[in-house]
Amino acid sequence: MAYNYAREKRKFDAQWKQTALWYRKEGMSEKNIEAMYRFDLAQFNRDRAYESRRRPLETACGSCYVQAPEAPDERYSWIDEVSDQQLAERLHALPEADLELLTLIAIDGKTYRDVAEVFSCSHQNISRHIARIRKILS
């Protein structure tokens, strides 16, 4: 999914509003606060430029794309820590794309919307996919 400048700028502005209040409370001059804002805004724009040009390594996975894992064995080592042996066997039998989906949500703590961005599909599609995986695992 593309970098959303307007959303990120709103978040930046809201955060900076709080930061400026804190600087004023601590006694920083308006001139110095303005200089800090210009510096942070320049950094924000550099980050935006970087994000707009960055592309993850992608591999085909059905109808969507996922970022290629560096080391699948290490990435999914959490399965070996599952105490229920039958569940662990079912997890090992899942396709790598399903394991990646579970890892992103359960281990990495990503939301369905974040995962949908990684897989380049809707969060409803992710919800349906998770429901299918739950059926397989139960």
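The values are calculated or read from the model by the stated rules, or taken from the named source; none is laboratory data. For clarity, every value in this text was computed on a predicted model and none was experimentally measured. Cβ atoms come from the backbone with ideal geometry, glycine included; neighbour counts cover every protein chain shown.
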* To do: Can you give me the number of residues within the range 33-63 that are surrounded by 13 or more Cβ atoms within 10 Å (Cβ to Cβ) and at pLDDT 75 or above?
  => 9
* Structure fact -> Within the range 68-103, the residues that are at pLDDT below 60 and touching a Phe, Trp or Tyr at 6+ places or on another chain (Cβ under 9 Å) are PRO69
* To do: Considering only residues that are surrounded by 15 or more Cβ atoms within 10 Å (Cβ to Cβ) and hydrophobic (A, V, I, L, M, F, W, C), look in the range 123-136 and name the one that is farthest from ASP84 (Cα to Cα).
  => ILE126
* Among the residues of the range 84-113, count how many are within 17 Å of the chain's Cα centre (by Cα), charged (D, E, K, R) and surrounded by 15 or more Cβ atoms within 10 Å (Cβ to Cβ). => 3
